[in-house]
Structure formats: C-alpha cells, structure tokens
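Right, one structure below, let's go through it.
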Amino acid sequence: MFDTIDDIYNHIGQAMFDALPDEWDIATLTLLMDKVDVSVTMFQKYLDKSDSKGYKYFSVNKRNGVAYESKVSDAFYALFHIMKKNEDDVPWNKARFEMTSEGDFSIDFKYDEDFAWYKSLDIDSQEYEDLDIDVINQIKSWEGLPESYPRYWAKTLLVLPNVDTLTRADVSAFTLKYNNSALLKEHWQDNYSDNAMRLWEEVKQTYKNKKEKKYSIDELIFALNYDFAVMPYQNDNDDLDFYKWIFLEISKLS
C-alpha cells in the first residue's frame, strides 16, 4: 500500500483533509511511536479561519463522528521502516505533520530520549506509578521536557561508543546527542566561562598525570564536549586517547 515516501505523505495529508471541517486554516498531527508496528498515540488539532488563536481538535479515525480506520498509523509504521538505516536504528519516536488548507505541508521528526525512557518503564512498576502526570504530559508533548529539568533517569539513557574502535566521528555523534552545556550555563550563570575552562583543564590534567580523582558523569560529559569544541585549535594529537579515557570513566559510573 505504501511503496514510497510520497505515497505515505499523500495518504496522511488526505486522511487529515477528509477528517477536517469545511472551514479550517492550519492542521497539525503529532504522532508518538509507542511501539513500532503495534501502537501509536496521536494528537490532532486545527485552527479555524475565523479564530487564529484557539485550537480545535479532530481525529483522522473519525468521519462525521463515526469511527473510521484511516490507516494513518500504518503509514507512519511504513515511514519508520523506510527511514531506518539498519536493523538496530531508531530514526525517530516523535513525528509532526502540519498542513495548510492551501495544500502546503511540512513534516518534522525527533528522537526524544525522555520519551524512550518513559516507554521503557513497566506500567506495573513503582517508578511508573510515582511519575507526576504533568511530567508525563510534558514528555508526551512535541516539545518534551525543558533542558533544565532535573532528569534523575538520565544516567540510564547514555549509550557509549566502543572505545576499542573509537573514531572522531563517534565522538562527534556522541556530543551532538549528549551536550549538557546549557544546564551548566544556567547553573554557573555569570561564572560560566571561568568555571568551564577550570573544569576542562582540571579533567585534562587528571588524565595526563594519571591521577585518581572522581568526577560526575555530567562533569565528564561537559569536559568531553568542551574539548571536542576547542580541539581544532589545539596542537594535541592525544585527543582520541583522552576521549577513550573519559568514556571509560563514564562507564564506571553508569
């Protein structure tokens, strides 16, 4: 049924169009991939042409108030599989399809680590039971939790590269996925520049002098990001060994 990405986009757009009222301006469908090929959660809303501020809600799985199988979830399953680079790849877990009444559309994807953690929980566990409903709703929103939110579960989300085959490309990918600079900027505020350089130099000296000193995961990740950012301006051929050391130190704490 869905042979190409164009087939998929056309199907989703048509399903939204058929479910909307006669008069509308912009419609958005946000999809959360709960479990691939099994279940999704969809949030659908639109702006009326006569009201540019107040969103109203619709469902692609209803026609005139009657249940209808739109197969939009199947379209997103197919899209997920097309976008996978390999068997283990998870290209995204949130998607947002937005279209206008004039026929223009855009689609965005993101992989939300917090949502992945939330979906990994056993619904019968105490940890799941203790979750605040406001936190759950934020995790399930397109925007997700703010960067400054204290994630007590963050340590379990780290996926470290293989240090035996480590390349600078691996380090680059890690820094794109795990960058806590914004959190420390908020914490240090006006002292950020001085404290950032001090921490980086201290971690670097600990490595070079083979000292025994304990750093937190956040401190090690920050030092890695900082060093990788300034690496092009350094005359240091030992950077990969430094990054391997950091990953080994993080693995001890994970």
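Here are a few things to note about the model shown:
- Candidates D122, D190, D194, D164, filtered to the one that is among the acidic types (D, E), in the same structural domain as Y226 (by TED's automatic domain parsing) and under 27 Å from D89 (Cα atoms): D164
- Residue ranges of helices (runs of 4 or more DSSP H) in the range 72-151 with at least 1 members farther than 21 Å from Y46 by Cβ and within 17 Å of the chain's Cα centre (by Cα): 72-83, 113-120, 133-140
- A count restricted to the range 12-29 and to residues that are surrounded by 14 or more Cβ atoms within 10 Å (Cβ to Cβ), of a type outside the set (A, V, I, L, M) and in contact with an Asp or Glu (Cβ under 9 Å, 6 or more places away or on another chain) stands at 3.
- All positions within the range 178-196 that are in contact (Cβ under 8 Å) with a residue 24 or more places away in the chain and part of a helix (DSSP H, G or I): S181, A182, L183, L184, E186, A196
- Scanning the range 146-185 for residues that are exposed (fewer than 12 other Cβ atoms within 10 Å of the Cβ) and either among the small types (G, A, S) or touching a Ser or Thr at 6+ places or on another chain (Cβ under 9 Å) (or both) gives S148, T156, A169, S172, A182.
- Residue check for G54: surrounded by fewer than 13 Cβ atoms within 10 Å (Cβ to Cβ) and either under 21 Å from K140 (Cα atoms) or of a type in the set (G, A, S) (or both): yes
- Scanning the range 169-191 for residues that are modelled with pLDDT under 90 and either over 22 Å from the mean Cα position of the chain (by Cα) or among the small types (G, A, S) (or both) turns up S181, A182, H187, W188, Q189, D190, N191.
The values are calculated or read from the model by the stated rules, or taken from the named source; none is laboratory data. The shown structure was predicted, so the numbers you read here are calculated from the model rather than taken from an experiment. Glycine gets a Cβ as well: all are built from the backbone with ideal geometry, and neighbour counts include every protein chain shown.
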